[in-house]
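I have placed the structure first, in the form of structure tokens, so that the comments after it can refer back to it.
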Amino acid sequence: AIIFANWRGFSGGTRDMFNEFGAMIVDALVDYEHPIFIYIPKHGELRGGAWVVIDPAINPDKMEMYADVDARGGILEPPGIVEVKYRAPQQIEESTSCYVPETFPTPPKVLPPDQRMHELYVCELNSYLMSVARNPQAFQDQVEMRLHVRLGTPPERKPESLKQLNMAEDAAWVTVVL
């Protein structure tokens, strides 16, 4: 049997939980007597409960798992991995260990997936975000200045879109402006 896996957990709905579909799949895979090949295709994901259900450890003699180099998988979703890997105090400690510029530069660009470059990028991005968190007013002033430049308005005249700017509520808008 071949299983092409590209799942992100189960719905968690009452029907799925009550009928125990995941447990039924596990029971069938444990009892299956023939080879089972699990393949995660290119750009595919196997996350959460779906990983647990088809984990080769449930029938190690018959099950084998393969994945494309661009596939992703694991028990936790990516945001959960970040929370487990770095708790809030550790995030602050890690992000402040890098150089924090006094001005607010343009957010760093995404680099190629080289591990060292990725680590430097994450460190630089954390430093940037911490500098914004420490001085949100300076960040808001910079956003306003960039908007004035784009709209061609003098800084003393506030555009309508900035009169009610709230950093917490309009974070997505601020990202678009940058």
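The values are calculated or read from the model by the stated rules, or taken from the named source; none is laboratory data. Computed from a prediction, not measured in an experiment: that's the story for all the values here. Glycine gets a Cβ as well: all are built from the backbone with ideal geometry, and neighbour counts include every protein chain shown.
Hey, can you tell me all the residues within segment 23-48 that are over 16 Å from A1 (Cβ atoms) and in contact with a Lys or Arg (Cβ under 9 Å, 6 or more places away or on another chain)?
H43, G44, E45, L46, R47, G48
Has segment 18-38 got any residue that is outside any helix (DSSP H, G or I), within 26 Å of the chain's Cα centre (by Cα) and modelled with pLDDT under 70?
No, because not a single residue in segment 18-38 is outside any helix (DSSP H, G or I), within 26 Å of the chain's Cα centre (by Cα) and modelled with pLDDT under 70.
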